[in-house]
1. Could you please report the charge total around B:Ser191, scoring K, R as +1 and D, E as -1 over all other residues with beta-carbon less than 11 angstrom from its beta-carbon?
2. Note down the relative contact order for chain A as a percent, whole number, built from C-alpha pairs under 8 angstrom at least six residues apart.
3. Need the C-alpha centroid separation for region A:125-178 versus region A:80-105, integer Å.
4. As a test of the formula, what do you get for chain A when each DSSP H run with n ≥ 4 contributes -39,500 (n - 2.57) and the sum is divided by the residue count, at 222 nm and rounded to the nearest 500 deg cm²/dmol?
5. Show me A:31-44, B:61-74 ranked by packing, highest mean number of other Cβ atoms within 10 Å first.
6. In whole Hz, with x marking every Gly and Pro, tabulate ³J(HN,Hα) for region A:162-176 from phi via Karplus 6.51 cos²θ - 1.76 cosθ + 1.60, θ = phi - 60°.
7. Would you grab the residues whose amide H sits under 5 Å from the one on B:Ala64? Only those 5+ places off in sequence or on another chain, please, with H modelled 1.01 Å from N.
8. Using the Karplus curve 6.51 cos²θ - 1.76 cosθ + 1.60 with θ = phi - 60°, work out ³J(HN,Hα) for each residue of region A:143-153 in order, rounded to whole Hz, and write x for Gly and Pro.
Amino acid sequence: MNRALILLLIAGMSFSADLSKLVKEYQKKNYRYVCLQGAKEFNKLKKDPDLITMYAFSCLNIDKIDRLSVPIIFLKNSPEQRKNRAYFSLILAQKNLLTSALFDGEKFDGLSVPNSDHIISRVFNLFFNKKYKLNNNRYNMKDAFGSYTLYKEKKKGREVLVIEEKKNDGKKIIHYYR
Amino acid sequence: MHRYELLEKKWKKYRLKRVLKPLFFILTITLLSIGAFYFAKKSATEEKKKEVVTHTSQNILLPAKEFEKRLDGKKFYQKRKAVAKKAQKKARISKNGYPHKVLISNKRADIKELEKNFYSHPTYSKAILLAQRYFDEKDYKRSLHWALKANEINKEDERSWIIFAKNLVKLNKKDKAARVLKTYILHHGSSQEAKEMLKKIYGR
C-alpha cells in the first residue's frame, strides 16, 4: 500500500515537472521539443486548453500540420479556443487540398476559402488563383512577403510537399509537409 | 495647267501617301503598344496593392495567442497536490471499494519454534520467555531448565532468579527457593520482588 502511495506521489511530481518543462521550452521557442514531447504527454496536457493550444502552435511552427487534427477536437469551449480551432482547421484543410492537387492532379475549381497569415495559406491562394510560373514541375510564386517555390519530392520513400520560402529579407526556409 | 504638271502632282501625292501610310501604321502600333504596356503595368501594381491589402485586412483569419500570457501564471503544483490527494485516497481504498483496515494481531509464538529460535540465536529474553511459557503450562522442570539457561547468559537480571525460585516453590522445594532468593539479594542487590517472594515463602 505504501509503495503504491509513493509511486503515485512520484508520478504526481513527475506529472507537474513534465508540464512545467513543456511550458518553459515553449517560452524558449523550443517548439520541436514541445511538439514531440507534448504528443507523448498529451493525456496529461489535454485537461488544460492553454496547454493544448501551446502544443498545437508548437507543431504548427515545426510544420507538423497533421498533428493539429487532435487539438482541433479539444478546442471548443471558448471564443478564443474556437478561433484557434478555425485557424488550425483552415491550415490543415489547405495543406490537404494542396497535397491532393499536387500529388494527384485534383482540380478544385471555384475554390473560395478564407486566408490566414500562415505560409500554407499564402501558397494555397497563389496556387489556386493560378498566380504562378510553372518551370520544370516547380511552381514559382511571389507575393508581398516574398517568393515561394512549390513542388513535390520523394523523401524516405514517401512523397512530400515542399515549399521553399524566400523572404524579402533574403532568409530562406524549406518547409516539408506530408 | 499642262497635263504633265497634273500628272506630276498626282504622282507626288501618291508618293507622299506611300511613305506616310507605313509611318502612320508604325506610329499607331507604337502608341498602342505603349498604351497596352502602361495599362498592364498599372493593373499589375494595382493587383499587388490589392494583394497586400487582403493580407493585412481584418478579414484574414489570425490565431489567438492570449494563452501565452496565461502560461506564465500556470501553477502546476496545485495539480500535484490534487494528484497526491487522489493517490492517498486511492491507496486507502481496496480493490473491492472498501477502505483498508489496519489489523494488529497478537499471535502467540509456538514453543518449539521459540526453542529452535533460541538455539540458532541464544538471547536472555528468549530464555526468559521460554521459562515463563513452561511455567504457565505448569511444566516446572522445563521452566527451571530455561530459567537456568537465562541465568547463565545474564546473572544480574532478577527475572531468571525469581522464575527459578517460583518453579522450586511449585516443586515443593521452598527451602532451596528461599536460598536462591537470599543469594540473589546478597550478591546482586536488593530486589523488592525477590524480598516479597521470600516473605511469602516464609509466611506459608
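Rule-based calculations on the coordinates, nothing more; no lab input. The model shown is predicted, which means the values in this text are computed figures rather than measured ones. Every residue, glycine among them, receives a Cβ derived from its backbone with ideal geometry; neighbour counts consider all protein chains shown.
1. Numbers: positive: B:Arg159, B:Lys195; negative: B:Glu156, B:Asp157, B:Glu158, B:Glu193, B:Glu196.
Net charge in that neighbourhood comes out at -3.
2. Values: 199 pairs, mean separation 20.4, N = 178.
Relative contact order comes out at 11 percent.
3. Answer, in whole Å: 16.
4. Result for chain A: -17000 deg cm²/dmol, rounded to the nearest 500.
5. Details: A:31-44: 17.6, B:61-74: 14.3.
So the order, starting with the most tightly packed, is A:31-44, B:61-74.
6. These are the phi-based 3J(HN,Hα) values: 10, 10, 8, 9, 10, 6, 5, 7, x, 6, 10, 10, 10, 9, 10 Hz.
7. HN-HN under 5 Å from B:Ala64: A:Asn84.
8. For region A:143-153, the Karplus-derived couplings read 9, 5, 8, x, 10, 9, 10, 10, 7, 10, 8 Hz, x marking Gly and Pro.
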